[in-house]
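Here is the structure we will look at, set down as structure tokens.
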Amino acid sequence: MTLAPGCRAEQALNGEPLPQETLTHWSVPEPPAVTAERPVLWVALAAHLGPKLASSAATTLPLVLTAAEGTIDVVDAGGLRISAPRLELRWRAEPLPRPIRLSRTVLGPFPSFETAEQAALSWRQQGVESRIAHPGDWEVWAPADTPAPPGHTARAESQQVTARSALVLASPGGPKPLQGPLEIRVPGGLRWGDGVFRGPFRLQSDAYGSWSLVEQVPLERYLQGVVPHEIGAGAPAAALAAQAVLARTWALRNSHRFAVDGYHLCADTQCQVYGDPRQAGPAVRAAITTTAGRVLSWQGRPIHAVYHATNGGVAAGFEEVWRGEPLPYLQAFADGPAPFVAAYPLPLDPALSLPALLQRTAPAGYGADHPRYRWQRRLDRQQIREALGPAGRALGEVRQLTVLERGPSGRVLALAITGSAGRQVLRLDGIRRSLRQLPSTLFTLTPEGPGVWRVSGGGFGHGAGLSQAGAIDLAARGWSLERILARYYPGTALLPIQGLGNGP
């Protein structure tokens, strides 16, 4: 039962204990939808700010905000207004009117948002309300005591909380308590990291009790901070244009990624890398302008616009990377001129054509000059145990690596690691997430002695969708934006944002 505020106050005055409220997580309002009429993204420049526990607020380093020029103008939720060229914000523990229990059932951690989304879907298909969260790794949360969906193992998390982290402005007149969220405007730009950002900004709490610094950035300006960091400002015009379309499409398709924390996207590799938009040169700005508002679509909706550095000569299908149904526009194919395609028909034979692909340089696929088009790594049992963490220690001494399954592109779908005390199977994107030394899952294994393996591989990244190295190569050969996109996402169409249907 939830008591009305007046009833709680009367109980407190009478000395009666207040009933404890149980929540799955701290509730945060979701950001406004990104629409054609209002194409504005809420991007977290920084997340998990402040102390992990409110009790350590006094010893947590302050948050310092500095204007590149002029002043920082802040309005807190209570209407307090502040204006200064530099602000120092400290943390304090704010006692709650009564203890609250945060209690939930958790799936994960998962190696990617895409895999977490499939787990959340499994729960939702059973009528369970679930949320995707990123407290450190990707997880899926549901109310306490919810049974795990088929094929998953759940764990329970519960803690009693008596205080939350709040903000205090350090000022010459003494500390001033602030009520979040803070609305922040910096006409001359906010210095953050290695760049300057225009905003406006919000400093707001998240689902974990910590805080996020969020920029409210128009979609086209956001692309100025993404395209040069993802493909490089020196790419040919058609490749830059393709990257602009894909970055725009990806942002729209993934704008629900951090809904539980009250913003759309992050600024690091869990999303698209987003840096100082001022660093976008004339070529990048031209690519964004010439494709303004255009999105790659399938059946009227934004596609799953994944991309990567280089596919090593063969593109991966969606189901070779993540759990979920195959996507018709993300299929495996040999990525090169006609002689290359003829030399390596799919599915690749693991015993013959796959080793040949990884050992030879001619005929070459598109983007073959990328430094990780071909690579070699050496894994030993100690590296593997350390990479697996607690699960690795439970294996004992690592004795064998075995590829259990490959996809049509030759990529490893399941890798068994056998130790003296057990066996663990890594699957799909969990392979690279665990064994971070490996640039891709397109590889062969060769034993080099007890507890040592040589890994011969190709490509950098998951391999699905656009190969940036391939797009750069094709653009240099004179391919157009439309032709490049049609190669890596067959059957899709370029549409204006206004022509898209509702939903991802």
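Under Stokes-Einstein, with the Kirkwood radius over Cα pairs standing in for Rh, what whole-number D in µm²/s applies to region 339-482 at 37 °C and 0.692 mPa s?
Working: Rh = 16.3 Å.
The calculation lands on 201 µm²/s.
Where in region 322-353 does the amide nitrogen come within less than 17 Å of the point 7 Å from the Cα of residue 445, taken along Cα to Cβ?
Only 350-351 fall inside the zone, counting backbone N under 17 Å.
At 1.4 Å probe radius, can you tell me the per residue accessible area of region 155-249 in Å²?
Working: 3430 Å² over 95 residues.
It amounts to 36 Å² per residue over region 155-249.
Which angle from 0 to 90°, rounded to the nearest 10, does the C-alpha axis of helix 237-253 make with the longest principal axis of the chain?
Computed tilt is about 50 degrees.
So, in Å, what gap is there between the alpha-carbon centers of region 279-296 and region 65-97?
Using only Cα atoms to place each centre, the spacing works out to 35 Å.
Using a 7 Å offset from the Cα along the Cα-to-Cβ direction at both residue 27 and residue 425, what is the distance between the two label points in nm, to one decimal?
Result for the modelled spin labels: 4.2 nm.
For residue 289 and residue 35 in one chain, what is 0.36 nm times their gap in residues minus the Cα-Cα distance, to one decimal in nm? Intermediate results must be reported in sequence, preceding the final value.
Values: separation 254, 0.36 × 254 = 91.44 nm, distance 1.87 nm.
Gain in length upon complete extension: 89.6 nm.
For region 133-201 and region 319-379, write down the distance between their C-alpha centroids in whole Å.
Each part reduced to its Cα centre gives a spacing of 41 Å.
Which whole-number percentage describes the relative contact order of region 29-101, with Cα contacts under 8 Å and a sequence gap of 6 or more? Provide the component values of the computation, followed by the final result.
Values: 69 pairs, mean separation 20.1, N = 73.
Computed value for region 29-101: 28 percent relative contact order.
On the Cα set of region 20-129, report Rg and Dmax in Å, please.
Computed over the Cα atoms of region 20-129, radius of gyration and Dmax are 19.1, 54 Å.
With the contact rule set at Cα under 8 Å and sequence spacing of 6 or more, what percent relative contact order holds for the chain?
Details: 1114 pairs, mean separation 76.7, N = 504.
It rounds to 15 percent for the chain.
Tell me, what is the per residue accessible area of region 347-457 in Å², probe radius 1.4 Å? Numbers along the way, then the final one.
Values: 5280 Å² over 111 residues.
With the other protein chains kept in place, region 347-457 gives 48 Å² per residue.
Bin width 10 Å, origin at 0, all Cα-Cα pairs of region 234-301: what percent of pairs per bin?
19, 46, 31, 5
Could you give the radius of gyration (one decimal) and Dmax (whole number) of the Cα atoms in region 158-274, in Å?
In Å, with Rg to one decimal and Dmax whole: 17.5, 57.
With no solvent and one equal point scatterer placed on each C-alpha of the chain, evaluate the Debye formula and give log10 I(q)/I(0) for q = 0.09 Å⁻¹, two decimals.
Those come out to -0.74, one per q.
Starting from the 7 Å offset along Cα-to-Cβ, what nm value, one decimal, do you get for the label separation of residue 156 and residue 299?
My value for the distance between the label points is 4.1 nm.
For the residue pair residue 270 and residue 125, what label-to-label distance in nm results when each label sits 7 Å from Cα along the Cα-to-beta-carbon direction?
Between residue 270 and residue 125, the label points sit 2.6 nm apart.
From the backbone phi of region 334-351, what are the Karplus-calculated ³J(HN,Hα) couplings (6.51 cos²θ - 1.76 cosθ + 1.60, θ = phi - 60°) in whole Hz, Gly and Pro given as x?
Coupling constants for region 334-351: 6, 9, x, x, 3, x, 5, 4, 5, 6, 10, x, 9, x, 5, 6, x, 8 Hz.
Given contacts defined as C-alpha pairs under 8 Å and at least six residues apart, what's the relative contact order of region 286-399, whole-number percent? All intermediate terms of the calculation are to be shown ahead of the outcome.
On the way: 89 pairs, mean separation 23.1, N = 114.
Result for region 286-399 is 20 percent.
I need the calculated FRET efficiency for the pair residue 46 and residue 361, taking r as the beta carbon distance and R₀ as 51 Å, to the nearest 0.05. Each step should come with its number before you reach the end.
Details: r = 43 Å, r/R0 = 0.85.
With a Förster radius of 51 Å, E is 0.75.
Using a Förster distance of 41 Å, how high is the FRET efficiency between residue 59 and residue 382, based on the Cβ-Cβ distance and rounded to 0.05? Walk me through the intermediate numbers first.
Details: r = 36 Å, r/R0 = 0.88.
Taking R0 as 41 Å, the efficiency between residue 59 and residue 382 is 0.70.
At a 1.4 Å probe, what is the % contribution of carbon and sulfur to the accessible area of the chain? Could the numbers behind the result be given before it?
Values: 11680 of 22250 Å².
Answer for the chain is 53 percent, counting heavy atoms of protein chains only.
Going by Cα centres, region 444-469 and region 228-257 are how many Å apart?
Result: 26 Å between the Cα centres.
What's the ranking of 445-455, 327-337, 356-366, 269-279 by average number of surrounding C-beta atoms within 10 Å, highest first?
327-337, 269-279, 356-366, 445-455
Would you mind putting 73-81, 120-128, 255-263 in packing order, based on average other-beta-carbon counts within 10 Å, highest first?
Values: 73-81: 13.8, 120-128: 15.6, 255-263: 22.9.
The densest-packed peptide leads the list: 255-263, 120-128, 73-81.
Have a look at 375, 334, 355 and report the one farthest towards the positive end of the charge dipole of region 322-377, computed about the Cα centre with Cβ charges (Lys/Arg +1, Asp/Glu -1).
375
The values are calculated or read from the model by the stated rules, or taken from the named source; none is laboratory data. Just so we're clear, the structure is a prediction, and the values are computed from it rather than from any experiment. Glycine gets a Cβ as well: all are built from the backbone with ideal geometry, and neighbour counts include every protein chain shown. Quick note on the areas: whole protein, heavy atoms, side chains included, nothing else; ligands and nucleic acids left out. Shrake-Rupley method; radii C 1.70, N 1.55, O 1.52, S 1.80 Å.
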